Amino acid sequence: MSEMSKLLSVEREEALRKPIDDYVGEIQKQIDALRAEGTAEVLRLKNGIRSTKENRLLSKAEKEGVIKEYREKIEEARAVEGKNREQVNTLIRQAEEYLKVHYGADVYEPVKQACAEAREAENRQYKAKLEAVRNEHVSAMEALRSADGENRKRERKDEAHVYRSRKFDAKMVHRQALQEIKDRQHECFAYRYHLIDLLRMSKFTFAQAQAQKIENRRYTFNSKEFFLRNGLYIVIVLIFIALAIATPALKNTQLLTFTNIMNILQQASPRMFLALGVAGLILLTGTDLSIGRMVGMGMVASTVIMHQGINTGAVFGHVFDFTNLPVGVRVVLALLVSILLCTLFTSIAGFFTAKFKMHPFIATMSNMLIIFGIVSYATKGVSFGAIESSIPKSIVPKVNGFPTIILWAALAIAVVWFIWNKTRFGKNLYAVGGNPEAAAVSGINVFLVTLGAFILAGILYGIGSWLECIRMVGSGSVAYGQGWDMDAIAACVVGGVSFTGGIGKISGVVVGVLIFTSLTYALTILGIDTNLQFVFEGIIILTAVTLDCLKYVRKK
């Protein structure tokens, strides 16, 4: 900061500001005088009404009388306010025009130039300091090598440690100096809006608000933090752009067409339910390995109930016939059964996780094996074929090429966002995920929160399986959904839901699902082998988790 003081002292900066302070201050006095019996009086009377309402010493009738008197005075003050409004606005425009012409040229630009010069001087000083420290270290090490003695190895090691410490200290001093220079420039920028804030009583115009937002983002921007937080997204976007360029060249077809985008959103919609469900478990530092098998179970149950005609396959040796029920009843019944089955098994896993502190990996892996075994034994691995063709047309119709199944996913996103952000359960979910011991001490029922997260996941799995059954027009098979658990977990991780617990946003989950669905769709159009697609997915997951771990380490 000493370099900065030499280039432009604080006193000199205050001298540059003085004409502006005097001019704007004189206008501010005129505005305050005009507002005294108008705007300022309205605010004072409103505060009086608020205090009266909170005053427990007054009776209801007394409160009403006082409030009525206040409101009559408010009307009088508003009349004065309206009478003076045009004059106040003229004075504000006059002051802002003066600031626009003079503040930048007379104050901010000189400070900005001084800060740039101070920054360059500080960088030169830092390099010189490092060079001096290095030279001293080299001289000390050469002296220790030429000297005799048994403890020279230990002394050389100590000297290396001292050298690293001195470099680190110089780096910290350098960073602090740069930050002080940056702070001074930012404070100079903000001072103009401080004056406008007084003039406008914090009611900035849109342009003024945006200018402050841009400056604040520039001031707080950290390149390392930015790339650590968004590096994976940038790489994925670049990959997708490369695929969009390669597809027309290699396959003579466009990737970014309305039809393809709608297909991607349509495929992503059922998967969105699964990702939203498992996101709550990851938020609690858990996971769910049984998602794929639950999808298969939900698909089988839904297909059996909504089957076109009498079922051709048997469940536990019994052939079901639901054709005597109206189609609408069968659709609702299939949804309820799918939700019930999925919620039953997630509740079991949630109970063991919450009650016995069993790791969700074990609880959900057991679920995965049990579900697959029961459904395979019950159906003998038979696929149940198609559902009634009228059901997809009524539940998820396409309107002018727009698949309405997307609206189901949008509704799920809105509901889960509300649960996470606007309910006590959602706040408790973040608290338990961040620190379960502290949450328990603060009075949160960790058992119920954990069990509730698993139940919510089961409901979402059930709806997602039912929707996928309708989207695929049946085809219920126990093998359906294999690998979907990894897709859902990967989408959450890529979307920023941290395995360390208590960190994650619904918007991140949505982005993660869309990323994986888009990449899979693009690679399929290019004819990339499915096995190689797994390689891409594995690399993305590994990168995402690595970045998450780096953020956790930096936070610690």
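Hey, can you tell me all the residues within segment 67-81 that are in contact (Cβ under 8 Å) with a residue 12 or more places away in the chain, farther than 10 Å from Val42 by Cβ and of a type in the set (D, E, K, R)?
Arg71
Looking at the structure I just gave you, is Asp321 touching a Ser or Thr at 6+ places or on another chain (Cβ under 6 Å) and of a type in the set (D, E, K, R)?
Spelling it out, it is not the case that Asp321 is touching a Ser or Thr at 6+ places or on another chain (Cβ under 6 Å) and of a type in the set (D, E, K, R).
What pairs come out if I take residues in segment 42-63 that are in contact (Cβ under 8 Å) with a residue 60 or more places away in the chain and over 28 Å from Val80 (Cβ atoms) and pair them with residues that are surrounded by 14 or more Cβ atoms within 10 Å (Cβ to Cβ) and among the β-branched types (Val, Ile, Thr) whose C-beta lies under 8 Å away, six or more apart or interchain?
none
Kindly indicate whether Asp288 is at negative phi and modelled with pLDDT under 95.
The answer is no for Asp288.
Taking the options Gly538, Gly504, Gly474, name whichever one is under 30 Å from Phe418 (Cα atoms) and either modelled with pLDDT of 90 or more or not aromatic (Phe, Trp, Tyr) (or both).
Of Gly538, Gly504, Gly474, the one residue that is under 30 Å from Phe418 (Cα atoms) and either modelled with pLDDT of 90 or more or not aromatic (Phe, Trp, Tyr) (or both) is Gly504.
For (1) in a helix (DSSP H, G or I); (2) under 20 Å from Asp197 (Cβ atoms); (3) more than 45 Å from the chain's Cα centre (by Cα), each residue gets a yes or a no:
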| residue | (1), (2), (3) |
| --- | --- |
| Lys53 | yes, no, no |
| Ala61 | yes, no, yes |
| Lys83 | yes, no, yes |
| Glu96 | yes, yes, no |
| Lys100 | yes, yes, no |
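Using the structure shown, decide if Arg164 is within 31 Å of the chain's Cα centre (by Cα), part of a helix (DSSP H, G or I), exposed (fewer than 14 other Cβ atoms within 10 Å of the Cβ) and not assigned by TED's automatic domain parsing to the domain that holds Thr543.
no
Restricting attention to segment 200-235, which residues are under 18 Å from the mean Cα position of the chain (by Cα) and not in a helix (DSSP H, G or I)?
Passing the criteria: Phe221, Asn222.
Which numbered condition in (1) surrounded by fewer than 18 Cβ atoms within 10 Å (Cβ to Cβ); (2) among the hydroxyl-bearing types (Ser, Thr, Tyr); (3) in contact (Cβ under 8 Å) with a residue 40 or more places away in the chain is the only one that Ser269 fails?
Ser269 satisfies every listed condition except (1).
Somewhere in segment 295-303, is a residue in contact with a helix residue (DSSP H, G or I) (Cβ under 9 Å, 6 or more places away or on another chain) and surrounded by fewer than 19 Cβ atoms within 10 Å (Cβ to Cβ)?
No.
Just checking, does segment 413-432 include any residue being in contact with a Pro (Cβ under 7 Å, 6 or more places away or on another chain) and assigned to a helix (DSSP H, G or I)?
No: zero hits.
Give the residue, chosen from Ile196, Ile245, that is of a type outside the set (Phe, Trp, Tyr) and either touching a residue at least 12 places away in the same chain (Cβ under 8 Å) or not in a helix (DSSP H, G or I) (or both).
Answer to the selection: Ile196.
Could you please let me know if Ala363 is in contact with a helix residue (DSSP H, G or I) (Cβ under 9 Å, 6 or more places away or on another chain), without any contact (Cβ under 8 Å) to a residue 60 or more places away in the chain and under 20 Å from Ile489 (Cα atoms)?
yes
In the set Val138, Val133, Val80, which member is of a type in the set (Val, Ile, Thr) and either in contact with a Ser or Thr (Cβ under 6 Å, 6 or more places away or on another chain) or within 30 Å of Gly48 (Cα to Cα) (or both)?
The unique qualifying residue is Val80.
Here are some residues: Val24, Val88, Val107, Val111. Which one is in a helix (DSSP H, G or I) and without any contact (Cβ under 8 Å) to a residue 60 or more places away in the chain?
Val88
Out of Pro392, Pro397, report the one residue that is in contact with a strand residue (DSSP E or B) (Cβ under 9 Å, 6 or more places away or on another chain), closer than 22 Å to Arg271 by Cα and not hydrophobic (A, V, I, L, M, F, W, C).
Pro397
From the list Lys251, Lys213, which residue is charged (D, E, K, R) and in the same structural domain as Met472 (by TED's automatic domain parsing)?
Of Lys251, Lys213, the one residue that is charged (D, E, K, R) and in the same structural domain as Met472 (by TED's automatic domain parsing) is Lys251.
If you check Ile406 against the conditions, is it within 20 Å of Gln267 (Cα to Cα), surrounded by 14 or more Cβ atoms within 10 Å (Cβ to Cβ) and in the same structural domain as Arg293 (by TED's automatic domain parsing)?
Judged against the criteria, Ile406 is a match.
The values are calculated or read from the model by the stated rules, or taken from the named source; none is laboratory data. Note that the coordinates shown come from a computational prediction; the quantities given were computed from them, not determined experimentally. Cβ sites come from the backbone with ideal geometry, for glycine too, and all protein chains shown count toward neighbours.
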